[in-house]
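Have a look at the structure below before the remarks.
The values are calculated or read from the model by the stated rules, or taken from the named source; none is laboratory data. This is a predicted model, so every value here is computed, not measured. In this analysis, Cβ positions are derived from the backbone assuming ideal geometry, glycine residues included, and neighbour counts consider all displayed protein chains.
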Amino acid sequence: MRKISSQVGAAVRPLAVTVLIVNAFCAMSASADIAATPGSPAEQELRAVEAQLAQALSSVDVEQLARLWADDFVSTMVGGHVASRENRLASLRAQKPDSTSSLIGTNERVDVRVYGDWAVVLVTSSWLSNGKRVGDPYQATHVWAKRGGRWRLVAAHISEVHP
């Protein structure tokens, strides 16, 4: 009899662990839904950092980008090239911003989804010169993590959007 009860106990333990994990995810999901309320402070913060990011990219403000990008930031560029934070910053430092350039990046649409201390932001943006679009718009998927009380971009994937 003892052998049967230990076998039943061994079979029930994984099920109990699974139930606990599912319950934990449900609790996390429920709290994430509360934070994802449109107009929530987290959404407003993320819209603000997305605007700062667009401005920093337009002006090639490497110091601001270094503040916004997490140490482990990784970016997948339009052509499929994958770059680390340090590689992207070095590449941008090598660029000489043209003070006469009228090229400006603008966010046309920003969709924010908050999941506690994590967020996914979908951004459709374009480059404008003298108020006119240059090339096709871009769709970026940004993954943000709240670290040390502020939002830091940990991953970006950028694709061209063809009409």
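Observations
- Candidate set: region 79-96, residues that are among the aliphatic types (A, V, I, L, M) and exposed (fewer than 13 other Cβ atoms within 10 Å of the Cβ); chosen: the one farthest from residue 144 (Cα to Cα): 94
- For region 135-158, a residue qualifies if it is surrounded by fewer than 16 Cβ atoms within 10 Å (Cβ to Cβ) and of a type in the set (Ser, Thr, Tyr), and exactly one does: 141.
- Test: residue in region 103-117 that is part of a strand (DSSP E or B), among the polar types (S, T, N, Q) and at pLDDT 95 or above: no
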